[in-house]
Amino acid sequence: MNYWLFKSEPNDYSIEDLARDGEAIWDGVRNYQARNFLRQMEEGDLAFFYHSNIKPPGIVGLAKVARSGEIDPTQFDPNSKYFDPKATPESPRWQTVAIAFVEKFPHPLELSVLKARFSTDELLLVRRGNRLSVMPVGEKVAEEILEIFRG
């Protein structure tokens, strides 16, 4: 199993929204490195759900990859801000995954705590200037994060 981190602004899509929906396609990713991470994901992988652009930002819950290799439908929709005129149904450019709700944590694990606990080599999230919305999390770091919540 692999571990990942998904960043979302809670006013766009929150852990509460995922809990309500049960499952969601993680659409709208338009960064090639993040897309390549999405392509590596496999069904059953776990993902930390991170609320960004709030004070304080932090990990708020856990999801799992329900389906991998999904085609992002927003690339074909001319009314979507994620429309890609170079993408066609015969040759899609953007793949994604569907994620399923696992749990909401009792309290956020704030970015300041993550920065104090993990180095930039251990956790991409804490690297200065990192803007990726999807990123891998190493097994050791993932286990430490889960241990914080599970005791």
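Here, each number is a calculation from the coordinates, and none is a lab measurement. Note that the structure is predicted; figures quoted are calculated from it, not measured. Here Cβ is always computed from backbone atoms with ideal geometry, including for glycine, and neighbour counts include all displayed protein chains.
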Under a Gaussian network model of the chain whose springs join Cα atoms within less than 10 Å, the largest fluctuation of P73, P85, P108 belongs to P85
So how do Y82, Y3, Y32 line up by other beta-carbon neighbours within 10 Å, fewest first? Y32, Y82, Y3
So, in Å, what gap is there between the alpha-carbon centers of the range 72-86 and the range 1-68? 20
From fewest to most C-beta neighbours within 10 Å, the residues R30, R127, R20 line up as R20, R127, R30
Which residue fluctuates the most in the chain, going by a Gaussian network model with Cα springs under 10 Å, if the choices are D21, D12, D72? D12
